[in-house]
1. Quick check: anything in the stretch 130-142 under 28 Å from the mean Cα position of the chain (by Cα) and either under 28 Å from residue 227 (Cβ atoms) or buried (at least 18 other Cβ atoms within 10 Å of the Cβ) (or both)?
2. Just for the stretch 253-281: of the residues that are at pLDDT 65 or above, within 30 Å of residue 336 (Cα to Cα) and charged (D, E, K, R), which one is farthest from the chain's Cα centre (by Cα)?
3. Looking at 99, 152, 74 in this structure, which one is under 30 Å from residue 192 (Cβ atoms) and not hydrophobic (A, V, I, L, M, F, W, C)?
4. Could you list all residues from the stretch 392-411 that are touching a strand residue (DSSP E or B) at 6+ places or on another chain (Cβ under 6 Å), closer than 20 Å to residue 344 by Cβ and of a type outside the set (Phe, Trp, Tyr)?
5. For the stretch 173-252, which helices (runs of 4 or more DSSP H) that fit wholly inside it have 2 or more residues that are at pLDDT 90 or above and of a type outside the set (A, V, I, L, M, F, W, C)?
6. What number goes with the only condition from (1) free of Cβ contacts under 8 Å to residues at least 60 places away in the same chain; (2) within 29 Å of residue 58 (Cα to Cα); (3) not basic (Lys, Arg) that residue 192 does not pass?
7. Looking at the stretch 96-118, which of its residues are in contact with a Gly (Cβ under 8 Å, 6 or more places away or on another chain) and of a type in the set (Gly, Ala, Ser)?
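The values are calculated or read from the model by the stated rules, or taken from the named source; none is laboratory data. Because the structure is a prediction, the values reported are computed rather than measured. Note: ideal-geometry Cβ built from the backbone for every residue, glycine included; neighbour counts use all protein chains shown.
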Amino acid sequence: MSEARRRWRALVHLVLGEGPKGTPPERVRWLIVEQQVKSEILIGWTQFVLILFFFALYTVSPKTSEGTRFLPVPWVLGAFFGFTLLRLAAAHRRWLAPPLLVLGVVVDMALLMGLIWSFHLQYQQPAPFYLKAPTLLYVFLFIALRMLRFEPLYVVSAGLAAAAGWLALLGYAAGSGEMVVTRDYVHYMTSNSVLVGAEIDKVISILAVTAVLALALVRARRILYRAVLDSVLAKDLSRFVAPEVAERISSADRALQPGDGEVREASVLFTDIEGFSTVSEKVVPERLVALLNEYFEAVSAAVDAHGGVITQFQGDAMLVTFNTVKTDPGHAANAVRTALAIRAATRERRFGGDTLLRTRCGVNTGRIVAGAVGARSRLIYTVHGDEVNVAARLEQLNKRYGTYILATENTVQAAGAGFNFRRVDEIAVRGRSAPTTVHTIPD
């Protein structure tokens, strides 16, 4: 990339902000469109309230000068009210395509300018009278309202329509034969005379505000696309990792780095399907995936019911932790309850209609490290430590003892009363000098 092109991109990013890389996917654009539809409804209701406010102001203000027979202001307000209701109904029914939206913006400004124009008829004053109407200030509110839709086109349309409308009013006053041009500011403020420079200033102010709002909206729109894209991505990724892990990562004060973690007293549950290799040999891959999905759905429900976090799927095995990502004072008891719930859910149920998937569980409690592991470019959030290895070893030992749940002495003591634990054996775990006492809970 040339130096000139780099500088140009840097300038664009400075002025417009950094947008999403590439074209946002269809589902992201759909979410934006849905928000825009809701925004158009909000704009309609806000404008409806404004028209009611105009009616209230008209009700409490002097209606006419002496001798006036024709009252144009309520007619213009009535037309404004009717058009606002029509557009609001169209917004609710999703009838407002971009051309109709632009037309609606132009009609809004035309009606507002028509309301200002009608003042000199209502009060029987020369045409330049309406050029000093404070109602012009509502032009800026109508332009700002279009920002709610997050599309610069409609802000620019509103600003250009307002500027053209005010120039038209100025031209009408100039052509009426009643306009007295002055350069004296005091005379301009105290009479129906017109200071042309002041009217041009109003047009310039309308255009300048429009330009600033449109620029702000372009920047905000690019940020919105990035935010929606990030939100959709985070939601999708939360299906690949535990929602609690996704929340921990997204709410961290800084990006996680390899090795970031914390030591906690926690409980670990390993699960594995009994004889899964035999099952997988007899089932075609498509049906096997369907079986696993049904199985994981049932087991995940048991985990969620007792506050566990599925930290990893490993083939047909699962690593579930308690008191790691989210605080759980009763983590040991909940880990045991989860193992019991998994055993109950898989004892008699036939997945896919005819397949038993009995599940072995190993539970251990102790101090473990929970955090990010991997390289800077790719991390996983997991748990590791000697106590994790013991839980994995217990799951495998179920096969030796003909059990489906094995728990260490640490878990038994931490879980407390309420469980019918039965001592099974003392085993030597690789890397430990002292034997480990293991317990089961009979069916």
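1. Yes, that holds for at least one residue.
2. Ranking the candidates gives 274 first.
3. 74
4. 394, 395, 398, 403, 405, 406, 407, 411 - these are the residues of the stretch 392-411 that are touching a strand residue (DSSP E or B) at 6+ places or on another chain (Cβ under 6 Å), closer than 20 Å to residue 344 by Cβ and of a type outside the set (Phe, Trp, Tyr).
5. Result: 196-237.
6. (1)
7. Result: 110, single match.
Conditions tested, residue by residue: (1) of a type in the set (Gly, Ala, Ser); (2) surrounded by fewer than 20 Cβ atoms within 10 Å (Cβ to Cβ); (3) assigned by TED's automatic domain parsing to the domain that holds residue 72.
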| residue | (1), (2), (3) |
| --- | --- |
| 110 | yes, yes, yes |
| 116 | no, no, yes |
| 121 | no, yes, yes |
| 153 | no, yes, yes |
| 160 | no, yes, yes |
